[in-house]
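First up is the structure itself, then whatever we jot down about it.
Only the coordinates and a few stated rules stand behind these numbers; no lab work does. Only a predicted model underlies this, so the values are computations on that prediction, with no experimental measurement involved. Heads up, the Cβs are rebuilt from the backbone with ideal geometry, glycines too, and the neighbour counts pull from every protein chain shown.
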Protein chains: 4
Amino acid sequence: MTTINADSDDQVYEEMSRRGAAPLWRHLGNLFLDEPKSAAVPHLWKYPELRELALHFAGRLSIEEAQRRVIMLVNPGLQDPPATVNTLFAGLQVLMPGEQAPAHRHTANAFRFIIEGSGVYTTVDGERVHMNPGDLLLTAGWQWHDHHHEGDDVTIWLDGLDYPLVNMLECGFFELFPDGVQAPTEPDDISTRQMIHGRLNPVWMNGRPAAGRPIGNYPWAETEKALASVADNADGSAHDGVIFEYANPWTGGAVLPTISCRIQRLRPGFAGKPRQQTASFISHVVRGEGTVTVDGRDYDWGRNDVFAVPGWHEYSLSNASASQDAVIFSYSNEPALRALGLYREQLG
Amino acid sequence: MTTINADSDDQVYEEMSRRGAAPLWRHLGNLFLDEPKSAAVPHLWKYPELRELALHFAGRLSIEEAQRRVIMLVNPGLQDPPATVNTLFAGLQVLMPGEQAPAHRHTANAFRFIIEGSGVYTTVDGERVHMNPGDLLLTAGWQWHDHHHEGDDVTIWLDGLDYPLVNMLECGFFELFPDGVQAPTEPDDISTRQMIHGRLNPVWMNGRPAAGRPIGNYPWAETEKALASVADNADGSAHDGVIFEYANPWTGGAVLPTISCRIQRLRPGFAGKPRQQTASFISHVVRGEGTVTVDGRDYDWGRNDVFAVPGWHEYSLSNASASQDAVIFSYSNEPALRALGLYREQLG
Amino acid sequence: MTTINADSDDQVYEEMSRRGAAPLWRHLGNLFLDEPKSAAVPHLWKYPELRELALHFAGRLSIEEAQRRVIMLVNPGLQDPPATVNTLFAGLQVLMPGEQAPAHRHTANAFRFIIEGSGVYTTVDGERVHMNPGDLLLTAGWQWHDHHHEGDDVTIWLDGLDYPLVNMLECGFFELFPDGVQAPTEPDDISTRQMIHGRLNPVWMNGRPAAGRPIGNYPWAETEKALASVADNADGSAHDGVIFEYANPWTGGAVLPTISCRIQRLRPGFAGKPRQQTASFISHVVRGEGTVTVDGRDYDWGRNDVFAVPGWHEYSLSNASASQDAVIFSYSNEPALRALGLYREQLG
Amino acid sequence: MTTINADSDDQVYEEMSRRGAAPLWRHLGNLFLDEPKSAAVPHLWKYPELRELALHFAGRLSIEEAQRRVIMLVNPGLQDPPATVNTLFAGLQVLMPGEQAPAHRHTANAFRFIIEGSGVYTTVDGERVHMNPGDLLLTAGWQWHDHHHEGDDVTIWLDGLDYPLVNMLECGFFELFPDGVQAPTEPDDISTRQMIHGRLNPVWMNGRPAAGRPIGNYPWAETEKALASVADNADGSAHDGVIFEYANPWTGGAVLPTISCRIQRLRPGFAGKPRQQTASFISHVVRGEGTVTVDGRDYDWGRNDVFAVPGWHEYSLSNASASQDAVIFSYSNEPALRALGLYREQLG
């Protein structure tokens, strides 16, 4: 061990560094901020711009080359590695008639929210799950999944993943399926058919499955019914309107341990109160037009647009129309933050 | 303190009794049995016999006199106090056009499963909940409830309660509503409309309500859909067929802390394997015909009949028809026993 | 089916009974009371009276004849079947030098709180657990246990069991150990030695054991330290003084699913506020003298006495001494009632 | 919207970037690795080297200037921002006689494990908690804390924090206490005195506190007793020896939501089997000498040294001495990963 030469502070700090150490007093201000400041910025992506890119590559890049033909929505503040908000990713995946995307699995949890197309299904752990606009499909961490297009139209869906979180925590595993695509081993859409109606849980499944998603698909047909059924008889939240969380039937909690998925309806003329939370979220507009105001700046959205609101930015939502509902699908890392005791909010 | 006179055992036992004591060695065999032996016996009630009684009193006894016009299904082994199985009660309640049963509340948890009639609703904590055949209505402990008939037909439903358990544990409270019947304070059927579709939970309710039922009504229209949706693509349980539990949306567990409600479908020709469990259950036949065999004795049931299977009796179920489904609603004290670590089963 | 003869109400009620039915309107008042009324009554047992009985039989009745030589504390209101409060039992067990009580197991949960003696151990699932005055030993449901006296003094302990609850719910199983007594298979007192100090949980046990008690013995040496360590620096509860619950190290909850065990210290001159709860409890005086007032009547207790306070009776506790602490061990069915949503209290 | 110029792929990718998008197919391999590869590297810090640095600055830098005089243990792979493993930090804090470090609070959870010194206390939310070698003090997120030295010796402790995780998730808040240091408002050491002995939980605290640490200090005197009490009667884990987790008394789980703290004893000659886990951990040697082998490379540790094992590196531990125990304090992010469903291990 070299003895510290006390003649010069600089030399001591150098020696400190050689010993694998650093002075906290020179870092304190950077490591302990008064309040969070996200690297991500609020951002809005216009669907037509992304769709054009997707179609361009649909014609240029084979699914064999791409494995997954996904246009990533990269937050201007999160370029490397690319992410949409701190722990979440959004991408638009395009699949063309006749294509199939090969099977793989990863630790990251994923879902798809279908935007356009028909005749498509995803095989998840041997179950073929059919996809129609507005459907929410789950692929929980480590479930095999491959995508198949047997219809006639361009199909585009929103992919949501938590790989930024999984990678941050250095917990990511990935594996290709040995035989390219899976052969079906379960009845088609059985996980949905067994669980989507009437809040009934299959007793013979003996409680929550050890692994995997609780339900393969939360179909739009049912989601739409929920929105319609409430009609104008619930005030909902002053901040987010009539907002529902897709629930895990075995726990009543979020559908994925790190992601809460939600559908919300802003009634004509809705003007939400402002709200600030440590959670970050990403929203996809199912229908309608309106504005999200973040830190005083307006972002105007229309059908199929996507916007991101990073944590601890003050946001408020409004529906521009005096006669039409706006319907928004969104997803948030709130359950991850709550599980770690890190969720905090401030209501305006 | 008298000194014990050792001359005579009898005198010592008398003195023991005077001191508030007794010898365990004279009770051991009665208090610690090798296995449970229910006071209740397996029993079947034929609906036409009960319906006739109900109608008889519908004509003779005003709702004012009766408060609740309920024909109790009394287990031959549980006459005093009357109960259907050890911790559960079943009764048939009849309400006639124009009648209303006054509001009260009790610690006991209750549900109603509608058998016949229309134009009826129950007001539960200010919410009018409409009742149609096959619907399951919940009234959790300590919720105000009154019943109203605004239709034209005799209405009969199955009442299920856990008052035998509540009374056994000496936890029963009861209160009459000051003003006879409640005025509606909530939108009609709102708790169902907000929660029955698509496994969506209202975020603005901020998690599980502190008290009260999770959902007012699990309507038959949705239950029927669940049964149909599975079609012939699930094997279900070898003992109970395709059996679903009505789930609490906030927990994924039973709808009431002491009662699990279930709907089950026995496919044509179904012959269930035998099963023995410490839980007791009561079944009501929604449709179809078949047999429950308990401890080797057959009980043949048909539409609307009710049967009781007390705990630790071996039972098996079969559907007599080669072409028609049998559909059974049942309720069990399994969640109460599990909560206390006392559930045990043996599968044949 | 006989047709109802409407000529006579009595005949209809008879026919009703033949059909296994009864009119709720004739039972309503008995089944739904305004508030609970326990069958058990408040009661105090004087230790010297019970000890004399125990010693009498210690000389007259061999352990082979008795299997367990237990003087049952029978509540005057609960004679048949005998119990101490609705769901709980208290008994004094006496074991003489050289005796051993054979191994058995039962669904009922049990504990022992040692009053006097030394040189005694209980073998629980192969682990010898040594017993000294003030120790709390657990035998959870279905654990083998036999008792051995290798010392020189009369040994007496308080047995607490939940057999009244287990029997009420018809879930009791019982089995004799094939070979009389168990051979030790674990290191002596290992479950205590591994878990009693410093709130440290053995990681290699991988979380809560599937079955069985969490800790074999909560020794008095540690309990005494806890009481002393708080000294006069905690106010404790206005109703129950400085009161601790023996905790399950894997859950933080009660040591048995149906019974909470507690130790409490009433400081000199303590005069507790009145309290009423649906839970019932039984108390054993470790040291000191004082009074429990139930529904306005005083019961004066001294060292080793036992008293029972049934549910929904108003009670208050006081320490008669101006200079000495009173220390009381007690057990309650509160966790069972809470698990079923039936706990309620009213604080004076 | 510019129309895509299809003449050149490069131009399309540029346009894509302008639209806030990127091609997943060019990132797939970097975002989805076959298995985790930590940025942190295994590393060992020698205590004498760090101590010398600490003492150097103790003489040069006033506590007023430094606020906290902490030598950070910076992982060679995690320089900016500095951290010890991905989600955890280790530092050595030195406090000199007469000094006091001003009060602040932060979202990050913290603990201190005392290495040397005496006469020091930390005030946590108004409670003075005294610190002696081997003690584990908790400061849960958002608790005020300041440090005071009223003794005569240099005091050094290990600071553990989860600020890397909190910052990664952008949830960090920080606040200075208005008046420099807190005035005591609670009896000294009361949270420890109320909870450390005999696994007894204060009933009057009514279950888990809404916020804050469960116990202020897990004192070494008790920890030592736990290690001694097991003696040679437990095999412990084949990988980690006789290893205990400091438990939250209200839940039985980890003491902080994101950090598990542990104490482990490697008996003389212990040679642990290899193990690989997604969790990362940091170890501080309380006494003894031995080796940690990570990915085949040996790191030899002695008294007070600190070593870091990042996730998914294979490690094994051995005690070099044939006659002396080695005792190690360690902390891990396992609870955070488990809460998110991301914990995985592979046992050799």
For this session: Mind listing the label-point distances from B:Glu345 to the same position on all other copies, shortest first, one decimal in nm, points 7 Å along Cα→Cβ?
Result: 3.2, 3.6, 3.8
Problem set entry | Relative contact order of chain B, defined on C-alpha pairs under 8 angstrom at six or more residues apart (%) | 16
Exercise. What gaps in nm, shortest first, separate A:Ala238 from its twins in the other copies when you place the label 7 Å past Cα toward the beta carbon?
Worked result: 3.4, 5.9, 6.1
For this session: Just the number, please: Stokes-Einstein D of region B:116-170 in µm²/s, Kirkwood Rh from C-alpha pairs, 4 °C, 1.567 mPa s.
Result: 104
Problem set entry | Histogram of C-alpha separations across region C:262-325, 5 Å bin width, % | 4, 19, 29, 29, 15, 4, 0
Problem set entry | Fewest-first ranking of C:Val327, D:Val154, B:Val309, using other Cβ atoms within 10 Å as the exposure measure | D:Val154, C:Val327, B:Val309
Exercise. Counting Lys +1, Arg +1, Asp -1, Glu -1, what net charge surrounds C:Gly172 among other residues with beta carbon under 13 Å of its beta carbon?
Worked result: -2
Exercise. For labels at D:Glu175 and C:Leu176 in the simple 7 Å Cα→Cβ model, what's the distance in nm?
Worked result: 6.8
Exercise. So, counting K/R as plus one and D/E as minus one, what does the shell of residues with Cβ under 11 Å around D:Pro187 add up to?
Worked result: -4
Seminar exercise, completed: Here P(r) for the protein assembly as shown, Cα-Cα distances in 20 Å bins, as whole percents, is 9, 31, 37, 19, 3, 0
Exercise. Between chain B and chain C, with a rotation axis joining them, whose C-beta in B is nearest that axis, and what is the whole-Å distance?
Worked result: B:Ala339, 2
Problem set entry | Efficiency of FRET from Cβ geometry, B:Ala39 and C:Gln67, R₀ 35 Å, rounded to 0.05 | 0.85
Problem set entry | Inter-label distance, nm, simple model (7 Å from Cα along the C-beta direction), B:Thr3/C:Arg297 | 3.1
Seminar exercise, completed: The residues C:His148, C:His284, sorted from fewest to most surrounding Cβ atoms within 10 Å, come out as C:His148, C:His284
For this session: Any chance you could tell me what percent of the C-alpha pair distances in region C:205-269 go past 18 Å?
Result: 45
Problem set entry | Cα pair distances exceeding 20 angstrom across region B:30-119, given as percent | 48
Exercise. Reachable lysines from D:Lys225, Cα under 24 Å, same-chain residues fewer than 8 places away excluded?
Worked result: C:Lys225
For this session: Lys and Arg at +1, Asp and Glu at -1: add these up for the other residues within a Cβ distance under 15 Å of D:Arg267 and post the number.
Result: -2
Exercise. Distances from A:Glu35 to the same residue in each other copy, label points 7 Å out along Cα→Cβ, in nm, shortest first?
Worked result: 4.4, 4.9, 6.6
Problem set entry | Viscosity 0.692 mPa s, 37 °C: Kirkwood-radius Stokes-Einstein D of region B:99-253 over Cα pairs, µm²/s | 195
Exercise. Using modelled amide H (1.01 Å from N, peptide plane; none on Pro or chain starts), what sits under 5 Å from the amide H of C:His43, excluding residues fewer than 5 places away?
Worked result: C:Ala308
Seminar exercise, completed: region D:1-60: spread of alpha-carbon positions along the three principal axes, whole Å, largest first, is 67, 34, 15
For this session: Amide H neighbours of D:Ala320 under 5 Å, at least 5 residues apart or on other chains, H built in the peptide plane: list them.
Result: D:Glu289, D:Gly290, D:Thr291
Exercise. Semi-axes, largest first, in whole Å: what does sqrt of 5 times each Cα gyration tensor eigenvalue give for chain A?
Worked result: 37, 27, 21
Exercise. Taking the Cα-to-Cβ direction at A:Ser17 and at D:Asn30 and moving 7 Å from each Cα, how far apart do the two end points lie in nm?
Worked result: 2.6
